[in-house]
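Below is one structure, written out as C-alpha cells, with a few remarks after it.
The values are calculated or read from the model by the stated rules, or taken from the named source; none is laboratory data. The structure presented is a predicted model; accordingly, all values stated were derived computationally and were not measured. Counting neighbours? That spans all protein chains shown, and the Cβs are built from the backbone with ideal geometry, glycine included. Accessible surface areas use protein heavy atoms only, side chains included; no ligands, DNA or RNA. Shrake-Rupley method; radii C 1.70, N 1.55, O 1.52, S 1.80 Å.
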Amino acid sequence: MLNLCVFASGSGSNFIELYKASKKNNFKINLKLLISNNSNCGAVKFAKKNNVLVKIINSIRYPQNRNYNNEMLNCLRENKIDYIALAGYVKKIPDNIIQKYHRKIINIHPSLLPDFGGKGYYGMNVHKAVLNAGRKKTGVTIHFVDKEYDKGPIIYQQEVPVLENDTELDLAKRVLKIEHKVYKKILKLVIKNDIIKIDS
Ligand code: GRF
C-alpha cells in the first residue's frame, strides 16, 4: 500500500475527506502523515483525535531555511511517503521536496486555473475575484505542484456555475462541495495510473 502525506494549514475539510476515504477498503492508500505549519488548525486537531501522525514544521520551530527544508524531507523519508496531497497548505513547498517528489505532489485549487491562481489567490480572495470579474462559471482544479504557485500541469478541472446574487460564501461552499467529491477520486486515479506518464 502506498503512503500518503497531506499538507494542510486550515480548517482541513479536504484532509478530513481524504482521511475518511483512506479508511475505506477500496481506497488502498495509507494516509500516514499530516504536515502543517499551524499547530492550532482544524486539520491538526482532527488528525490528533484520529491518530494520524502529525508533524508541525514552521519557521518558528525551524528558523533556518536549511533545517526547515531538511526536517521536512527527513520526515517524509522516515515515514516512507510516496505521494503528497496539498489541501489548503499556505506555505511554499521547498525546492528539495519538489525535486525528490517530482510529479508526486498534487494540489487542489478553488478556481479554473490558470485564472485566479498564483500569489494572493487563496481562501475567499479567489471567490471574491471571480465575482468581481463578473464570471459566470468558476470551478475546481487539481494539478501537479511545481516550483511556481498554481502553475504545475493540470490533471483535472470541474466547472462550477456562478449564480446570480451569489455571495463569496455561497460560491465558496458550492466549490468546496465539489472539491470534497473529486479530490479523493482524482488522487486515487493519479496514484493508480501514475499519471506522471502524461507529461514526461
Ligand atoms: C480549499 O478551497 C482548497 O482548494 C484550497 O484551500 C482550501 C482548503 O480548505 N487549496 P479546507 O481547509 O480543506 O477546508
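Most simply put, the stretch 1-146 has about 20% antiparallel DSSP beta bridges, counting only bridges with both residues inside it. Rg and Dmax of the stretch 1-104, based on Cα coordinates, read 13.0, 41 Å.
Distance between the pseudo-spin-label points of M1 and N79 (7 Å out from Cα toward the beta carbon): 1.5 nm. Each of A87, Q158, L73 was placed along the dipole of the chain (beta-carbon charges, centred on the mean Cα), and the one lying farthest toward the positive end is L73. Only helices enter this figure: runs of n ≥ 4 DSSP H residues, each worth -39500 (n - 2.57), summed and divided by the residues of the chain, yield -11500 deg cm²/dmol at 222 nm to the nearest 500. Here the accessible area is traced with a 1.4 Å probe on the protein chains. For the stretch 19-167, carbon and sulfur cover 46 percent of it. Each Cα pair under 8 Å and six or more residues apart adds its separation to the average, and for the stretch 47-200 the resulting relative contact order is 18 percent.
Cα centroids of the stretch 35-54 and the stretch 78-143: how far apart, whole angstrom? A separation of 20 Å, based on Cα centres.
The order of S59, S39 by accessible area, most exposed first and with a 1.4 Å probe, is S59, S39. Among 112-118, 65-71, sorting by the average number of other beta carbon atoms lying within 10 angstrom of each residue, highest first, gives 112-118, 65-71.
Approximating the spin labels as points 7 Å out from Cα along Cα→Cβ, the K100-to-R66 distance works out to 1.6 nm.
Placing +1 on the Cβ of every Lys and Arg and -1 on the Cβ of every Asp and Glu, with no other charges, gives the chain a dipole of roughly 740 debye about its Cα centre.
Taking only Cα atoms, what is the 0 to 90° angle, nearest 10, from helix 168-193's long axis to the longest principal axis of the chain? Tilt relative to the chain: about 50 degrees. In a fully extended conformation the segment linking N132 and K28 would gain 33.3 nm over its present Cα-Cα distance, using 0.36 nm per residue.
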